[in-house]
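The values are calculated or read from the model by the stated rules, or taken from the named source; none is laboratory data. Everything numeric in this text was worked out from a predicted model, so none of it was measured. Methodologically, a virtual Cβ is constructed for each residue, glycine included, from the backbone with ideal geometry; neighbour enumeration extends over all protein chains shown.
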Amino acid sequence: MRKTFAVLTLLFTLLPPLSYAEQVIPATPAGKVLAAMITALNKGKPEDLAVFVKNNDSSRLTAERMINIHDITGDLNVVRMERSTPYSLKALLKEADSDFYGTIELSVSTDKTHKLLYQDFNRVPMPADLAPQRLSLNAAVAALKQRADQLAAEDKFSGVLLITHNDKTLLSGAWGYSDKDARQAIDIDTKFRIGSMNKMFTSVAILQLIDAGRLQLSDTVGNILPGYANKEIAETVTVRQLLTHTGGTGDIFVQEFYKNQAELKEHTDYVRLFENRAPLFKPGARFGYSNYGYVLLGAIIEQVSGMSYYDYVQKAIFAPAGMNDTGSLPENIDVPGRAKGYMKVRSTWTSNAKMLPYRGTSTGGGYSTANDLLRFAQNLQSGRLLSLATLEQATSDQAEHYGYGFFVQGAEANRMYGHSGGAGGMNGELSISHQAGGYVVIALSNLDPTSASRLYNYFTLRMPIN
């Protein structure tokens, strides 16, 4: 479900045999360059990538960028050609270790050197004709466990999986290490950083205040945060637009963030840094995933409730739901049981500690456990945290498969809602069946995206549905 942040925007991208790939790639000048590129990428060695770049004289593609691509996607294979001429092509790619797809477009010079002139990788949805076959419930769970065992053995997954159906636990398992150096094993109660999954808590908090009559979806930023600097955002961007990422409020992980990271400790610090910025597009015109929009929602919660964001969600969400292992304490506080995060740097797992912000915020970066997220799901389904009527609104498609703080997929009885999260050294997924007694699927990891997402997708694409 996405989403995720500077690293996540690069691309999301499984595996026919090499002989098949050789048959798919045409023996054209462009095809030969593609074959050489995929071979170099899949070797994953800096020296091979450097040779490819040197031989193809590309000013845009560097060996360093190719290493970064391989660190994110793992091995890539060509599934089919979507367009092919002698000197240009577009190919559908698939990750060797997941159900993520991508495309590459490239063109080469028409002279005898056939140098690479242009290349572009992009994430694409899985084509419907390539969807895997649905399995029986027992078979889907068994296949998921086998896949998790395999990826963990290859040091590509470290985390937990928790799946329930009709309130029965189908799988509760842990793999890998919460501290690689100390060889401290992960267990089902390990706390993981959850990235943007915090947005669900922020949405529930906002909707609680609306249900209590203290806030309205139509309220503008300026109505609630008097003196907000940018007049267009203050006067036109509504709470509804912030919840649905349609306000044009943009990201926080930009140059200003990294220049001022040491000073960014409270939601008001972020607002001061970004409040002069104009909207990226006309508010309400389209969907544009916005981390800053959810920072503004955190500031709104503080203004309306008279409490800090952290105190409000603790009192109104975590405590009633029994989520005793969820929070956003600063990174300089030792939180017992919180896993260390590891990000790939030049193909080596490296601590993400230096990359972390001061603490999680209303837009993401807190921590939780699989069992706490299950409690959150159960308390949503029971109506304890929100009225069922409000939950129905929040988990219906409002804009681009997004509700109010929840990604939404499927329709009718097969509708599921939840959120993903991810950045360097963290990745998580929660998905909840709209149908009472349906699935709750949780995957958490202390490695880069898409370490948890690939297993979440593996199961949800194969589990039986109505």
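The set of residues in the range 92-147 being closer than 17 Å to Leu34 by Cβ and either assigned to a loop (DSSP other than H, G, I, E, B) or polar (S, T, N, Q) (or both) consists of Ala96, Thr103, Ser107, Ser109, Thr110, Thr113, His114, Lys115, Gln119, Asn122.
Strands (runs of 3 or more DSSP E) wholly in the range 346-437 with at least 3 residues that are under 16 Å from Ser203 (Cβ atoms) - which ones? Before the answer, list the steps.
On the way: elements: 348-351, 366-368, 407-409, 416-423, 426-433.
In the range 346-437, the matching strands (runs of 3 or more DSSP E) lie at 416-423, 426-433.
So which residues in the range 220-271 are in contact with an Asp or Glu (Cβ under 7 Å, 6 or more places away or on another chain), surrounded by 17 or more Cβ atoms within 10 Å (Cβ to Cβ) and aliphatic (A, V, I, L, M)? Answer for the range 220-271, where residues must be in contact with an Asp or Glu (Cβ under 7 Å, 6 or more places away or on another chain), surrounded by 17 or more Cβ atoms within 10 Å (Cβ to Cβ) and aliphatic (A, V, I, L, M): just Val239.
Cβ-Cβ contacts under 6 Å between residues 6 or more apart (or on different chains), taken from a first residue in the range 166-189 that is of a type in the set (Ser, Thr, Tyr) to a second residue that is in a loop (DSSP other than H, G, I, E, B) and surrounded by 18 or more Cβ atoms within 10 Å (Cβ to Cβ), are listed as Ser178/Ile186; Ser178/Thr190; Ser178/Ala339.
Among the residues of the range 197-237, those identified as hydrophobic (A, V, I, L, M, F, W, C) and within 26 Å of Ile432 (Cβ to Cβ) are Met197, Met200, Phe201, Val204, Ala205, Ile206, Leu207, Leu209, Ile210, Ala212, Leu215, Leu217. Against the condition touching a His at 6+ places or on another chain (Cβ under 8 Å), modelled with pLDDT of 90 or more and surrounded by fewer than 16 Cβ atoms within 10 Å (Cβ to Cβ), how does Lys32 come out, does it pass? Answer is yes for this residue. The set of residues in the range 120-133 being surrounded by 13 or more Cβ atoms within 10 Å (Cβ to Cβ) and either among the basic types (Lys, Arg) or more than 23 Å from the chain's Cα centre (by Cα) (or both) consists of Arg123 alone. For the range 167-186, which positions are over 18 Å from Glu154 (Cβ atoms), small (Gly, Ala, Ser) and in a loop (DSSP other than H, G, I, E, B)? If the condition is that a residue be over 18 Å from Glu154 (Cβ atoms), small (Gly, Ala, Ser) and in a loop (DSSP other than H, G, I, E, B), then Ala182 is the only one that fits. With the structure loaded, tell me whether Val160 is β-branched (Val, Ile, Thr), under 14 Å from Asn446 (Cα atoms) and assigned by TED's automatic domain parsing to the domain that holds Gly437 or whether it fails that test. So Val160 passes the test.
Could you list, in sequence order, all residues of the range 148-166 that are outside any loop (DSSP other than H, G, I, E, B) and of a type in the set (D, E, K, R)? Break it down stepwise before answering.
Residues of the range 148-166 that are outside any loop (DSSP other than H, G, I, E, B), as a first pass: 148-153, 159-165.
Within the range 148-166, just Asp149 meets the criteria.
Picking from residues in the range 59-81 that are under 27 Å from the mean Cα position of the chain (by Cα) and in a strand (DSSP E or B), the one that is surrounded by the fewest Cβ atoms within 10 Å (Cβ to Cβ) is Arg80. Here is the figure for the range 425-440: residues that are touching an Asp or Glu at 6+ places or on another chain (Cβ under 7 Å) and surrounded by 22 or more Cβ atoms within 10 Å (Cβ to Cβ) total 2.
Can you find a residue in the range 191-208 that is of a type in the set (S, T, N, Q), under 30 Å from Asn352 (Cβ atoms) and assigned to a loop (DSSP other than H, G, I, E, B)?
Step one: of the range 191-208, the residues of a type in the set (S, T, N, Q) are 196, 198, 202-203, 208.
Retained after the next criterion (residues that are under 30 Å from Asn352 (Cβ atoms)): 196, 198, 202-203.
Those left that are additionally assigned to a loop (DSSP other than H, G, I, E, B): 196.
Taking every residue of the range 191-208 in turn, at least one turns out to be of a type in the set (S, T, N, Q), under 30 Å from Asn352 (Cβ atoms) and assigned to a loop (DSSP other than H, G, I, E, B).
Being of a type in the set (Asp, Glu) and at positive phi narrows it down to one of Glu412, Glu429, Glu392, so name that one. Lay out the reasoning, then the answer.
Values: Glu429 fails: at positive phi; Glu392 fails: at positive phi.
Just a single option satisfies the conditions, and that option is Glu412.
Identify, by number, the condition in (1) surrounded by fewer than 17 Cβ atoms within 10 Å (Cβ to Cβ); (2) closer than 26 Å to Pro449 by Cα that Phe201 doesn't meet. In the conditions (1) surrounded by fewer than 17 Cβ atoms within 10 Å (Cβ to Cβ); (2) closer than 26 Å to Pro449 by Cα, Phe201 misses (1) alone.
Across the range 391-418, the qualifying residues are those that are surrounded by 15 or more Cβ atoms within 10 Å (Cβ to Cβ) and of a type in the set (A, V, I, L, M, F, W, C), and the one among them that is farthest from Gln216 (Cα to Cα) is Met416.
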